[in-house]
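Colleague: Here you go, one structure.
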Amino acid sequence: MPEKMFCNWLDKWLTWEKSEKSRRLYLIGTDIGKGIVPVDANLRRYRDLVGKCYQIVAQKAERVDLIWYGLNETLKKEEEQ
């Protein structure tokens with residue numbers, strides 16, 4: 001259910017972006033676990049949900065950049081049509 005709600009929210013923003021050529025949508029995420037798996041089951045579910053949401057964003061995005069300590073790495077970049 002939370003994934004579906006997130007997808008609906010994201011789709012609304014993507015529709016907004018595509019409605020005018022000059023619009024750009026930027027989403028910024030942060031590392032929430034530093035690779036550590038929480039002991040608490042609720043925190044694990046939260047971490048997994050955030051990770052799934054990031055995967056959905058990356059799948060739908062035209063471009064994905066990872067910035068770590070000020071160093072940029074482009075993970076995905078679709079060619080403009």
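Colleague: Is it true that Thr74 is touching a strand residue (DSSP E or B) at 6+ places or on another chain (Cβ under 8 Å), open to solvent by less than 100 Å² (accessible area, probe 1.4 Å) and either of a type in the set (A, V, I, L, M) or not in a loop (DSSP other than H, G, I, E, B) (or both)? Give the derivation first.
Modeller: Numbers: touching a strand residue (DSSP E or B) at 6+ places or on another chain (Cβ under 8 Å): yes; open to solvent by less than 100 Å² (accessible area, probe 1.4 Å): yes; either of a type in the set (A, V, I, L, M) or not in a loop (DSSP other than H, G, I, E, B) (or both): yes.
When the stated conditions are applied, Thr74 passes them.
Colleague: If Ile32 satisfies all but one of (1) among the hydrophobic types (A, V, I, L, M, F, W, C); (2) without any contact (Cβ under 8 Å) to a residue 40 or more places away in the chain; (3) closer than 14 Å to Lys60 by Cα, what's the number of the condition it fails?
Modeller: Failing condition for Ile32: (3).
Colleague: While we're on this one: Only one of (1) more than 20 Å from Pro2 (Cβ to Cβ); (2) surrounded by 12 or more Cβ atoms within 10 Å (Cβ to Cβ) fails for Tyr69. Which number is that?
Modeller: (2)
Colleague: Do you know which residues across region 52-64 are within 14 Å of Thr30 (Cβ to Cβ) and either open to solvent by 100 Å² or more (accessible area, probe 1.4 Å) or out of contact with any Leu (no Cβ under 7 Å at 6 or more places or on another chain) (or both)? Show your work before the answer.
Modeller: As a first pass, look at region 52-64 and keep what is within 14 Å of Thr30 (Cβ to Cβ): 53-54, 57.
Residues satisfying the conditions are Cys53, Tyr54.
Colleague: Right, another one. Among the residues of region 31-47, are any within 15 Å of the chain's Cα centre (by Cα) and not in a helix (DSSP H, G or I)?
Modeller: If we filter region 31-47 for residues that are within 15 Å of the chain's Cα centre (by Cα), which is where we start, we get 31-32, 46-47.
Okay, now just the ones that are also not in a helix (DSSP H, G or I), so 31-32.
Looking for residues that are within 15 Å of the chain's Cα centre (by Cα) and not in a helix (DSSP H, G or I), one finds at least one in region 31-47, hence yes.
Colleague: Given (1) under 28 Å from Met1 (Cβ atoms); (2) among the small types (Gly, Ala, Ser); (3) loosely packed, with under 10 Cβ neighbours inside 10 Å, identify the lone condition not met by Gly29.
Modeller: In the conditions (1) under 28 Å from Met1 (Cβ atoms); (2) among the small types (Gly, Ala, Ser); (3) loosely packed, with under 10 Cβ neighbours inside 10 Å, Gly29 misses (3) alone.
The values are calculated or read from the model by the stated rules, or taken from the named source; none is laboratory data. Values in this document were obtained by computation on a predicted structure and should not be read as measured data. With ideal geometry, Cβ positions are generated from the backbone for all residues, glycine too; neighbour counts draw on all protein chains shown. For accessibility, only protein heavy atoms count, side chains too; no ligands or nucleic acids. Shrake-Rupley method; radii C 1.70, N 1.55, O 1.52, S 1.80 Å.
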